[in-house]
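Okay, structure first, notes after.
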Amino acid sequence: MLKIEKFKKRPNGLYTLYFDNFNTYDFYEEIILKYELLITKSIDENELDQILKDNKNYECYYQALKLLKRMIKTKQDIIKYLKDKDFNKESIEMSIKKLEEQGYINDQNYAKSYVHNCIITTTKGPNKIASELEKKGVTSNDYEEALEEYTSSLEKEKVEKLISKKIKSNHNKSAKILKQKLSLDLINNGFHQDIVKEVLNNTKIEEDDEIVKKEYQKYYNKLSKKYKGKELEYKLKQKMYSLGFNIPKE
């Protein structure tokens, strides 16, 4: 039987116990109460391994709780975090179960917070947000309700604003090429294809004749160094058409 010589209360619910064999152990308050260590003031040597094992489970739990109090995390994030800290499967499963019961881990709440923040602070469409949540281990059952905040009207409004902004910063592209680029970029960024198509179809992009002439002159100067006559004319037409422009009239 190991006798407890003295103990010292420490921060974060820990107690340091000093034993008569000169060993010291840090135990969580839950372990102290469960095994009545400050009442019996002794530990059966055969029981010590089980007590240390239980204590490790609580260490795992408190490590996860400390992280969750700083920022909301998904179940998958917490499991990875604990694995990286070398906690075993039993400790992790106990911790996750306890944290879920207490409401600290809730992927539905995480999804709601994530979707809301993305709507406010990013230019991501709903499909991209869903994909990012799935990568974080959140299932469709847990994020579908959250995505209801991203209504079709809100998505359309965002697409309209993004298109307007992109048009202003892409003066050197033809309407045809710019619309193709905008469509691809917006769909890749998670917006629904039908909404992107609808907005683009209703968006008129004016082409600046001066831009067309400028692009023509730029490629004329470049291509005329290699080609002449009909071949030059063909190469110029080919290049301008690839950019979505017609040959400017004299």
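Rule-based calculations on the coordinates, nothing more; no lab input. These numbers come from a predicted model, not from an experiment. So basically every Cβ, Gly included, is an ideal-geometry build from the backbone, and we count neighbours across all protein chains shown.
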The relative contact order of the chain, taking Cα pairs under 8 Å that sit 6 or more residues apart, comes to a percentage of 12 percent
Using the Karplus curve 6.51 cos²θ - 1.76 cosθ + 1.60 with θ = phi - 60°, work out ³J(HN,Hα) for each residue of region 69-83 in order, rounded to whole Hz, and write x for Gly and Pro.
6, 8, 7, 6, 9, 7, 4, 4, 4, 5, 4, 4, 4, 6, 5
Contour excess over end-to-end distance, with Cα ends at Lys214 and Glu93 and 0.36 nm allotted per residue
37.0 nm
Stretch Ser153-Thr122 to full length: gain in nm at 0.36 nm per residue minus the Cα-Cα span?
9.5 nm
Report, to one decimal in Å, the Kirkwood hydrodynamic radius for region 89-214 based on all distinct Cα pairs.
16.8 Å
Using 0.36 nm per residue of separation minus the Cα-Cα distance, give me the extension gain between Tyr227 and Ser169 in nm, one decimal.
17.6 nm
Using only the alpha-carbon atoms, how far is helix 229-242 inclined from the longest principal axis of the chain? Give it as 0 to 90 degrees, nearest 10.
40 degrees
Distance histogram in 5 Å bins (all Cα pairs of region 152-201, percent per bin)
4, 22, 37, 24, 10, 3, 0
Per-selection Kirkwood Rh - region 107-149 (Cα, Å, 1 d.p.)
9.9 Å
DSSP loop trypsin sites (Lys or Arg not before Pro) with at most 10 other Cβ within 10 Å: longest gap in the chain:
1-203
Is it possible to state the helix-based mean residue ellipticity at 222 nm for the chain, with each DSSP H run of 4+ residues giving -39500 (n - 2.57), the sum divided by total residues, to the nearest 500 deg cm²/dmol? What is it?
-19500 deg cm²/dmol
With the Cα gyration tensor of region 11-146 in hand, convert its eigenvalues to equivalent ellipsoid semi-axes via √(5λ) and list them largest first in whole Å.
40, 13, 11
What net charge do the residues around Val196 carry, taking every other residue with its C-beta under 15 Å from that of Val196, with Lys and Arg at +1 and Asp and Glu at -1?
+4
Between Lys34 and Gln193, what's the calculated FRET efficiency when r is the beta-carbon distance and R0 is 51 Å? Round to 0.05.
0.30
Mind computing the radius of gyration and Dmax over the alpha-carbon atoms of the chain? Å is fine for both.
32.3, 104
Which GluC sites (Glu not before Pro) does region 1-90 hold that lie in a coil by DSSP with at most 15 other beta carbons within 10 Å?
Glu36
